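I have placed the structure first, in the form of structure tokens, so that the comments after it can refer back to it.
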Amino acid sequence: GAGVSQSPSNKVTEKGKDVELRCDPISGHTALYWYRQSLGQGLEFLIYFQGNSAPDKSGLPSDRFSAERTGGSVSTLTIQRTQQEDSAVYLCASSRDRAEDTQYFGPGTRLTVL
Amino acid sequence: AQRVTQPEKLLSVFKGAPVELKCNYSYSGSPELFWYVQYSRQRLQLLLRHISRESIKGFTADLNKGETSFHLKKPFAQEEDSAMYYCALAGGADGLTFGKGTHLIIQP
């Protein structure tokens, strides 16, 4: 079946612009995760959704970052007023039910802020 | 706070030699540990998890709670094992906590 998909695959934007990244999880997976992969920082957990709700948003790097999930499926990660330090690969993953289940990763969105 | 440490950024071994990628963790509860692998130009994927006690592609990992370690081992490395390897811990309701990764290079 189809795996986790993300769009766009690449995004180049100018500093100060807003960007929206999309994740389409595996059908039937209730848990959805966003991570950031950057040089020197490795893989950093950002936020987790169980259904449509995110119990803990403290992993988001700043208040410029927000995420939502509607209908228990697609999720969007929005970064407002982008900064150069936001440049990274943003990965989405989904799992059947909880964090301890195997997580299946998408191909990522490479964000470059000029 | 939970933490995963992979002390080696880069590990280079010859084909046919044994491989050990180190992983240590810090977690107050009962951890669930994973090894994920990312081959060149492919997405991150699960290699193995400690609760299944499987051997995948010849790799094994044993959870040592006394040493808080979950080292990944393979007796005879193959060139196709070259990749980035990430140790990860699941604890609580959050996502995975990853180590910074080890780049494994298998030389012919």
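The values are calculated or read from the model by the stated rules, or taken from the named source; none is laboratory data. Given the structure is predicted, the values throughout are model-derived calculations rather than measurements. In this analysis, Cβ positions are derived from the backbone assuming ideal geometry, glycine residues included, and neighbour counts consider all displayed protein chains. Areas reflect the complete protein model, heavy atoms only, side chains present, ligands, DNA and RNA absent. Shrake-Rupley method; radii C 1.70, N 1.55, O 1.52, S 1.80 Å.
Each residue in region A:68-92 was checked for being at pLDDT below 95 and among the small types (G, A, S), and 3 pass. Looking only at residues in region B:7-24 that are outside any strand (DSSP E or B), touching a Ser or Thr at 6+ places or on another chain (Cβ under 8 Å) and open to solvent by 50 Å² or more (accessible area, probe 1.4 Å), the one that is farthest from the other protein chains (Cβ to nearest Cβ) is B:K22. Within region B:29-47, the residues that satisfy the criterion of being touching a Lys or Arg at 6+ places or on another chain (Cβ under 9 Å) and not acidic (D, E) are B:S30, B:P31, B:L33, B:F34, B:W35, B:V37, B:L47. Looking only at region B:84-105, decide whether some residue is more than 14 Å from chain A (Cβ to nearest Cβ) and modelled with pLDDT of 95 or more. Yes, region B:84-105 contains at least one residue that is more than 14 Å from chain A (Cβ to nearest Cβ) and modelled with pLDDT of 95 or more. Scanning region B:60-104 for residues that are over 15 Å from B:S30 (Cβ atoms) and over 14 Å from the mean Cα position of the chain (by Cα) yields a total of 9.
Evaluated against (1) open to solvent by 40 Å² or more (accessible area, probe 1.4 Å); (2) away from chain B (no Cβ under 14 Å); (3) over 22 Å from B:T97 (Cα atoms); (4) not aromatic (F, W, Y), A:E85 falls short on exactly one condition, (3). The residues in region B:72-108 that are among the acidic types (D, E) and either in a loop (DSSP other than H, G, I, E, B) or more than 18 Å from B:L48 (Cβ to Cβ) (or both) can be counted, and the count is 2.
When A:G28 is tested against (1) assigned to a loop (DSSP other than H, G, I, E, B); (2) closer than 22 Å to B:A88 by Cα, just one condition goes unmet, and that condition is (2). Scanning region B:25-64 for residues that are basic (K, R), away from chain A (no Cβ under 14 Å) and either part of a strand (DSSP E or B) or without any contact (Cβ under 8 Å) to a residue 24 or more places away in the chain (or both) turns up just one, B:R53. Quick one: in region A:7-49, which of the residues that are in contact with a Lys or Arg (Cβ under 8 Å, 6 or more places away or on another chain) and closer than 17 Å to B:Q45 by Cα is farthest from the other protein chains (Cβ to nearest Cβ)? The residue in question is A:H29. Out of curiosity, is A:S94 small (G, A, S), surrounded by fewer than 20 Cβ atoms within 10 Å (Cβ to Cβ) and either under 11 Å from the mean Cα position of the chain (by Cα) or more than 17 Å from A:G16 (Cβ to Cβ) (or both)? No; evaluated as a whole, the condition is false for this residue.
How many of the residues making up region A:32-55 are over 22 Å from B:Q6 (Cβ atoms) and among the aliphatic types (A, V, I, L, M)? Number satisfying all stated conditions: 3.
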